[in-house]
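Presented below is the structure to which this report refers.
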Amino acid sequence: MNDDTIRKLVILGGGTAGWMTAALAARVLGKVIDITLVESEKIGTVGVGEATIPPISHFNQALGLDEQAFLKATKATIKLGIQFENWLQQGSRYMHAFGTIGKHLPFCDFHHLWLRSRHDGDTSSLWEYSLNYQAAMRNKFAPLAQIAGTNLPGLSYAYHFDAALYAQFLRRYSEDNGVKRIEGTVREVKVQADSGFIDRLLLESGQTVGGDLFIDCTGLSALLIEKTLNTGFEDWSHWLPCDRAMAVPSVAEKPIVLYTRAIAHKAGWQWRIPLRHRTGNGMVYSSRYWSDAQARDTLMQNLGTEALSEPKIIRFQTGRRRAQWNKNVISIGLSSGFLEPLESTSIHLIQSAATRLIKTFPHRGIRPCEVAEFNRQSQVEIERIRDFIILHYKANQRRDSPFWQACESMQIPSGLSDKIALFRTTGKLFRDTNDLFAEEAWQQVMIGQGLLPGDHHIIASALSQPQLQDLMANLKTLINGTVNRLPSHEQFLPDDRE
């Protein structure tokens, strides 16, 4: 009987995707498989993924990384949410703050109490009951698992970091844990004639790298998954019309805020990400409505601090690879598809794919049932994220440009349309299976984008008006008191002079 045991894992491409995958594989599987990563210093990476979401902390913890060492090595700052500016209308502003909001009742989310309170004449913002939002606005932070004296969750946080420095940090970690790195570019990919599986990589140096399972981390070029295996691509540009990004670093801003900024413009949106050594900036836009020159001018006029280089253009197509795992190739990172960075999901999709790789790792050969399950989970995950991003574009009231008018009038996936209709009518919202984003995330974006429900849950009416007023006032007092006791963001961050 042939022994089809998977013994050699080959990762093609470094950057964030390659080294995150290598680090996790080395940590979990390093004693049972050989791991080789092939990359070339000559090939640049996109390297603009500087903002993350809270699950990144679980990844770092799984690797056993020290948080302060990580913060120092990657010039990282803390992130409590994403502030959206001009998305509903010019001058509008709201935040997708991480973590919970208020206090839920059994079978009834807190926003129903807020809706009932509004019906009774209260003008308080939903975000007055968000610990994350209040801390972000006052630039306060310390790790806080729970609000003192209560069973209410504390702060939920992620990071802004330099993606290139993170890749270097994980490279050192991976090599210390047995990953073999080979410097080189691929000249030819050799495929097995009978199975169509990839057999080995021939490098420009003449070196041959063979493997049993290959991970494609070659970014938008998708050298293995697409150029070699012709897997196919599902285009989502009819829902997500932006097809260009322009990135440029600028001088670090002071004070260092605790949130990413997503600022809408006439044919796209601008990101602003605060790091300790610089500010990450970029413009995501549609080439149908803006020329590169128009995008560049708008970006450079809205930096806030002096640019440190010339903008770099990245052309992309939104969508997903039809199969993230095809034959003996798994695509991770941009090779598997592209979703614009509006909700900071690029690095998370790398993390979840690397985790899924470990959970479904083939043992004695590659079995179709494992491949199918990996691809099913991958498809559901990215489609749920896609719908969340589409929501931001669809739910706008801007009439100042053809771009936003087209977004408002476009047809959207039926599942998203049903979710919006249910929330607008009843205030009810349910998290789909395998949805990355919790109910609070959807609630904040819907309410922030003007989708105010016409009703609230009947349970919210069970409280008398004095009871509801006391509850809401006590929550405000509790949150404000907690934030007042927190140290500043700057106090928490490591001192770069050490």
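The values are calculated or read from the model by the stated rules, or taken from the named source; none is laboratory data. All values reported here derive from a predicted model rather than from experimental measurement. Note that we place each Cβ from the backbone using ideal geometry, even for glycine, and neighbour counts take in every protein chain shown.
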Quiz item: Is it true that some residue in segment 388-405 is among the polar types (S, T, N, Q) and in contact with an Asp or Glu (Cβ under 9 Å, 6 or more places away or on another chain)?
Solution: yes
Quiz item: So which of S205, S237 is touching an Asp or Glu at 6+ places or on another chain (Cβ under 7 Å) and assigned to a loop (DSSP other than H, G, I, E, B)?
Solution: S237
Self-check item: Filtered residues of segment 458-475 (kept if surrounded by 15 or more Cβ atoms within 10 Å (Cβ to Cβ) and either part of a helix (DSSP H, G or I) or under 31 Å from the mean Cα position of the chain (by Cα) (or both))
Solution: I459, A460, L468, L471, M472, L475
Quiz prompt | Top-ranked residue in segment 79-94 [being of a type outside the set (D, E, K, R) and crowded, with 24+ Cβ neighbours inside 10 Å; ranked as farthest from Q134 (Cα to Cα)] | solution = W87
Quiz item: Hey, among L63, L71, L12, which residue is under 24 Å from G280 (Cα atoms), outside the structural domain of P143 (by TED's automatic domain parsing) and touching a residue at least 60 places away in the same chain (Cβ under 8 Å)?
Solution: L71
Quiz item: Considering Q134, Q146, which residue is loosely packed, with under 14 Cβ neighbours inside 10 Å, within 30 Å of R261 (Cβ to Cβ) and of a type outside the set (A, V, I, L, M, F, W, C)?
Solution: Q146
Quiz item: Pick from segment 250-288 the residues that are in a strand (DSSP E or B) and under 21 Å from F70 (Cα atoms): which of them is nearest to the chain's Cα centre (by Cα)?
Solution: T260
Exercise. Would you mention how many residues in segment 187-208 are surrounded by 12 or more Cβ atoms within 10 Å (Cβ to Cβ) and among the small types (G, A, S)?
Key: 1
Quiz item: Can you pull out the residues in segment 340-361 that are assigned to a loop (DSSP other than H, G, I, E, B) and at pLDDT 95 or above?
Solution: S344, T345, T360, F361
Practice problem: Would you be able to say whether some residue in segment 344-354 is in contact with a Gly (Cβ under 6 Å, 6 or more places away or on another chain) and not hydrophobic (A, V, I, L, M, F, W, C)? | Solution: yes
Quiz prompt | Near pairs, Cβ below 9 angstrom, 6+ apart or cross-chain, from segment 388-417 (assigned by TED's automatic domain parsing to the domain that holds Q443 and more than 13 Å from P241 (Cβ to Cβ)) to any residue that is outside any helix (DSSP H, G or I) and of a type in the set (D, E) | solution = G415/D432
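Table: residues versus (1) within 16 Å of R431 (Cβ to Cβ); (2) among the aromatic types (F, W, Y); (3) more than 15 Å from the chain's Cα centre (by Cα); (4) surrounded by fewer than 20 Cβ atoms within 10 Å (Cβ to Cβ).
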{"position": "L357", "(1), (2), (3), (4)": "no, no, yes, no"}
{"position": "T360", "(1), (2), (3), (4)": "no, no, yes, yes"}
{"position": "G365", "(1), (2), (3), (4)": "no, no, yes, yes"}
{"position": "P368", "(1), (2), (3), (4)": "no, no, yes, yes"}
{"position": "A372", "(1), (2), (3), (4)": "no, no, yes, yes"}
{"position": "R376", "(1), (2), (3), (4)": "no, no, yes, yes"}
{"position": "V380", "(1), (2), (3), (4)": "yes, no, yes, yes"}
{"position": "E383", "(1), (2), (3), (4)": "yes, no, no, yes"}
Quiz item: Does segment 184-221 hold any residues that are out of contact with any helix residue (DSSP H, G or I) (no Cβ under 9 Å at 6 or more places or on another chain) and among the charged types (D, E, K, R), and which are they?
Solution: R187, E188, K190, D194, D199, R200, E204, D212
Self-check item: When residues of segment 95-114 are limited to those that are under 30 Å from K266 (Cα atoms), of a type outside the set (G, A, S) and out of contact with any Pro (no Cβ under 9 Å at 6 or more places or on another chain), the one surrounded by the most Cβ atoms within 10 Å (Cβ to Cβ)
Solution: H96
Practice problem: Sort out which residues of segment 452-498 are over 24 Å from M137 (Cβ atoms), touching a residue at least 12 places away in the same chain (Cβ under 8 Å) and β-branched (V, I, T), and write them in order of number. | Solution: I459
Practice problem: Please state which of the following conditions T231 fails to meet, knowing it meets all the rest: (1) assigned to a strand (DSSP E or B); (2) surrounded by 15 or more Cβ atoms within 10 Å (Cβ to Cβ). | Solution: (1)
Practice problem: Determine, yes or no, whether E41 is surrounded by fewer than 18 Cβ atoms within 10 Å (Cβ to Cβ), within 28 Å of G178 (Cα to Cα) and out of contact with any helix residue (DSSP H, G or I) (no Cβ under 9 Å at 6 or more places or on another chain). | Solution: yes
Exercise. Go through segment 225-238 and give me each residue that's in contact with a helix residue (DSSP H, G or I) (Cβ under 8 Å, 6 or more places away or on another chain) and within 30 Å of T279 (Cβ to Cβ).
Key: W236
Quiz item: Quick one: would you say L436 is touching a residue at least 40 places away in the same chain (Cβ under 8 Å) and either touching an Asp or Glu at 6+ places or on another chain (Cβ under 8 Å) or hydrophobic (A, V, I, L, M, F, W, C) (or both)?
Solution: yes
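For (1) surrounded by 20 or more Cβ atoms within 10 Å (Cβ to Cβ); (2) among the charged types (D, E, K, R), each residue gets a yes or a no:
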| residue | (1), (2) |
| --- | --- |
| G280 | yes, no |
| S291 | no, no |
| L299 | yes, no |
| R321 | yes, yes |
| Q324 | yes, no |
| I330 | yes, no |
Quiz item: Any chance segment 172-183 includes a residue that's over 30 Å from P413 (Cβ atoms), among the hydroxyl-bearing types (S, T, Y), modelled with pLDDT of 95 or more and in a strand (DSSP E or B)?
Solution: no
